Structure formats: structure tokens, C-alpha cells
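Undergrad: Here's a structure for you.
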Amino acid sequence: RVLNRAKFTRKTVGEAVSAAKGDRLIVDANNLKADINVMAVSSNGGWGPSNKTANDADSADLINTLDNMIANFKYPDKFVVVGVTTGGTGAWAQTDAALKAKYGEHFLDVKGYLTNADFLTENGVTLTDKDNEYLAQGKIPPSLLNNSPTDDVHMNDTGYALFAKCLYKKMQVLGYVE
């Protein structure tokens, strides 16, 4: 995947360095060798027009990127790929289907949980009329979002707590944690 722009901030003091077109930048994350890796796929990265959906080539590019990451993990059999959480019922369905087909039990459709009224109410969320409107469209409800409707991507503390609960459960199912 080629980025049209990127901004980096130094961790330590140093002189400005320019990168020429075609230079390879290696980020510090490449050196991280965690025991369990979690890759949360997002709509950033240009996966299709207006970041709303993706085609087969985009999904293949994403899977190739993830495969390259997994190949460098300390334990390449211990990972979770979390699907895209933005948009309604049809948004990103093709991408999530490709990820599920490729990664099987390692794939977590967290959006499926966060758009399920029963799951939400069982976990203490009191649904509003606006929440129910969003759920009817297959969208994560405003009660879980940081600044809806201007930002229907980033979750609030409740949303991320439920996200974490789903992730922890997935790691239990995979036998990574007790």
C-alpha cells in the first residue's frame, strides 16, 4: 500500500532528515515482538473509494500486508485480526468476508457484536431511539461513539470497553489467555 503523505514525530532529539521518493521507511513497530498480536483493520489506508468499501484488489492488498506482518511475529500462530467497524450493514462486507476466509478463527467481527442489541443490553448499554436507528442500519450506535454524528468511527470509553471484552473473549476461545 502506498501512502500519499505521512508525518512522523521523533521520539528523541535529532536533526531533520528528508526522505526521497522511493526511500524505504522502517517504523519501530517492525521491531516489536509481542507474544500475541492484534491487528485492528480500519478504514484508513485507502481501501476503496471514499473509504466506504473495498474491491477484491484492495482486500488482496490488505491481506498481503497482514500476511507480511504475521510472518515477522515472534509467534506467527498467535494473532487476532479485527474487522472494520465503520459503516452500515453492507459497508466493508467484502473486506470482512475476505479476512474471515483467510484468517478463519483468528478473525474477530467485533462490529457484529457492537451492532447487536442483545449483546449491548446484556452489557449494560441502555439503548436510545437514535441507537436503535443506527442498529437498524447495521451501524455502531451513538452510545458507543465518541462524537456522533460528526465522527462515527472513534468510540468512547464504553465502546472501547466492549471492544476489549470481545477481543478478550476471542483470545480465550483461541487459548491465548484464561
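Undergrad: Could you tell me whether segment 61-72 includes any residue that is at pLDDT 95 or above and either surrounded by 15 or more Cβ atoms within 10 Å (Cβ to Cβ) or assigned to a helix (DSSP H, G or I) (or both)? Before you say what the answer is, go through the steps one by one.
TA: Restricting attention to segment 61-72, the residues satisfying the condition of being at pLDDT 95 or above are none.
No: zero hits.
Undergrad: Inside segment 159-178, can you point out the residues that are open to solvent by 40 Å² or more (accessible area, probe 1.4 Å) and more than 17 Å from the chain's Cα centre (by Cα)?
TA: GLN172, VAL173, GLY175, VAL177, GLU178
Undergrad: Here's a follow-up. Checking VAL38 against (1) modelled with pLDDT of 80 or more; (2) surrounded by 10 or more Cβ atoms within 10 Å (Cβ to Cβ); (3) in a loop (DSSP other than H, G, I, E, B), only one condition comes out false. Which one?
TA: Every listed condition holds for VAL38 apart from (3).
Undergrad: I'm told ILE140 meets every condition in (1) part of a helix (DSSP H, G or I); (2) in contact with a strand residue (DSSP E or B) (Cβ under 9 Å, 6 or more places away or on another chain) except one. Can you identify the failing condition by its number?
TA: So the condition that ILE140 fails would be (1).
Undergrad: Then there is this: If you scan segment 100-111, which residues turn out to be part of a helix (DSSP H, G or I) and either open to solvent by less than 30 Å² (accessible area, probe 1.4 Å) or touching a residue at least 12 places away in the same chain (Cβ under 8 Å) (or both)? Don't jump to the end; show me each part of the working.
TA: Taking segment 100-111 first, the residues part of a helix (DSSP H, G or I) are 100-106, 110-111.
Matches in segment 100-111: LYS100, LYS102, TYR103, GLU105, HIS106, VAL110, LYS111.
Undergrad: A follow-up question, please. When segment 143-165 is examined, which residues are found to be touching an Asp or Glu at 6+ places or on another chain (Cβ under 9 Å) and assigned to a helix (DSSP H, G or I)?
TA: Listed by number, the residues that qualify are SER143, LEU144.
Undergrad: Oh, and also: Evaluate the following for LEU114: is it within 27 Å of LEU135 (Cβ to Cβ), at pLDDT 95 or above and in contact with a Ser or Thr (Cβ under 9 Å, 6 or more places away or on another chain)? Full working, then the answer.
TA: On the way: within 27 Å of LEU135 (Cβ to Cβ): yes; at pLDDT 95 or above: yes; in contact with a Ser or Thr (Cβ under 9 Å, 6 or more places away or on another chain): yes.
Answer is yes for this residue.
Undergrad: Hey, another quick one. Considering each residue of segment 112-122, count those that are within 16 Å of the chain's Cα centre (by Cα) and part of a helix (DSSP H, G or I), and give that number.
TA: Of the residues in segment 112-122, 3 are within 16 Å of the chain's Cα centre (by Cα) and part of a helix (DSSP H, G or I).
Conditions (1) open to solvent by less than 60 Å² (accessible area, probe 1.4 Å); (2) among the aromatic types (Phe, Trp, Tyr); (3) modelled with pLDDT under 90, marked per residue:
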| site | (1), (2), (3) |
| --- | --- |
| LYS52 | no, no, yes |
| ASP56 | no, no, yes |
| LYS78 | no, no, no |
| VAL84 | yes, no, yes |
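Undergrad: For segment 129-145, does any single residue satisfy the condition of being more than 21 Å from LEU99 (Cα to Cα), surrounded by 12 or more Cβ atoms within 10 Å (Cβ to Cβ) and touching a His at 6+ places or on another chain (Cβ under 8 Å)?
TA: yes
The values are calculated or read from the model by the stated rules, or taken from the named source; none is laboratory data. No experiment lies behind these values; they were computed from the predicted model shown. For neighbour counting, all protein chains shown are included, and Cβ atoms are generated from backbone atoms with ideal geometry for every residue, glycine included. Note: accessible area is taken over every heavy atom of the protein model, side chains too, but ligands, DNA and RNA are not part of it. Shrake-Rupley method; radii C 1.70, N 1.55, O 1.52, S 1.80 Å.
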